[in-house]
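Quick notes on the structure that follows.
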Amino acid sequence: TAPQIASGTGRVRGGALGSIVAALLAALGATSAGATDVTACGQTVAAFDTGVLQADLDCSAEPFGVRLLVGATLDLNGHAVRGGDLTEATVIGAGRADGSGRTRFTIVGPGEISGTGHEFPAFGTWGCVQVNDGVARLTSSVGVIDVHGCIYGVLGSRAENPNGKARVTMDHVDLHDLVFDAAAVGKLSASDVDASHNGGQGLGAARKAVVTNVVANDNLRGHGVFSGGTLKGRSLSTSGNVTGVEAWGTLVLVDAVSTANQYFGAAGKRVKLTDSTITGNGIADVLSRTVPR
């Protein structure tokens, strides 16, 4: 708790000011984030700590690659961490060291997060990144975070239905060659993301999605981008999916291209399109319960 200065005189004696400064410096030192080298599989990054990956890790024989507690950050540092058939999740979030509880964590690229996945019956690395109903951010200021090979790319929870709890923000992420969905979360904010060539859908949110500069092509058995509630998209491109873009609530697209999808180009309860090209889709280009705008 920061020390408080009583208002009124607007002056603090020199000795008192020195004490206040010392207290503030001590408080800042006590709460500053540390940094830990991540050098082995199964390592847990402590709450509010930063773990820096020091080498590529093959965690195919481990239940998880790296676990992130509350407020933790994993800096991939240009390296790769890989799961296998015995791995629950390559990177997993947890509120406590025993693996229980919700958390909030960050993954910083560039780097690679991958695993293995088998379709029938489904087994392997269930999630390249598993949020466990918490809050996660994936970001890279240089290059991308390459997520591939698992059953799911970014998974809200171990259950296939994330129940709308997990909230994920991602930018400069490439999600590809996942057995099912590239992302299956509760709320999603995505920018500069490519979610293409997956077995299920590209980007999926149970409640709400906001996407900018996103490509979602050739997702074999699902949507390019989907929301169970509202979906707002700008500079969005979808092609070769079952349906390009769909929202069970309101769909708002600006500068979008949705072509050559199997069923619909853009579908929603209410649809608004601006400066967009929706054409050449199998059943209908635009599907809306109300007259689209």
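The values are calculated or read from the model by the stated rules, or taken from the named source; none is laboratory data. Quick caveat: nothing in here was measured; it's all calculated off a predicted structure. Heads up, the Cβs are rebuilt from the backbone with ideal geometry, glycines too, and the neighbour counts pull from every protein chain shown. Keep in mind that these areas ignore ligands, DNA and RNA; they rest on the heavy atoms of the full protein, side chains included. Shrake-Rupley method; radii C 1.70, N 1.55, O 1.52, S 1.80 Å.
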Legend entry - the stretch 243-293 - residue that is acidic (Asp, Glu) and under 27 Å from the mean Cα position of the chain (by Cα) and, of those, surrounded by the fewest Cβ atoms within 10 Å (Cβ to Cβ): Asp255
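Rundown of residues vs (1) within 19 Å of the chain's Cα centre (by Cα); (2) at pLDDT below 95, yes/no style:
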position: Leu68; (1), (2): yes, no
position: Leu76; (1), (2): yes, no
position: Ala80; (1), (2): yes, no
position: Gly84; (1), (2): no, no
position: Asp98; (1), (2): no, yes
position: Gly115; (1), (2): yes, no
position: Asn132; (1), (2): yes, yes
Legend entry - Residue match in the stretch 269-288 (condition: under 25 Å from Leu155 (Cα atoms) and not basic (Lys, Arg)): no
Inset, instruction - Output the number of residues of the stretch 91-108 satisfying the condition of being in a loop (DSSP other than H, G, I, E, B), open to solvent by less than 10 Å² (accessible area, probe 1.4 Å) and either touching an Asp or Glu at 6+ places or on another chain (Cβ under 8 Å) or closer than 18 Å to Ser60 by Cα (or both). - result: 0
Inset, instruction - Being part of a strand (DSSP E or B) and buried (at least 21 other Cβ atoms within 10 Å of the Cβ) is the filter here, so list the residues in the stretch 109-145 that pass it. - result: Gly111, Glu112, Ile113, Ser114, Gly117, Gly127, Cys128, Val129, Gln130, Ala136, Leu138, Ile145
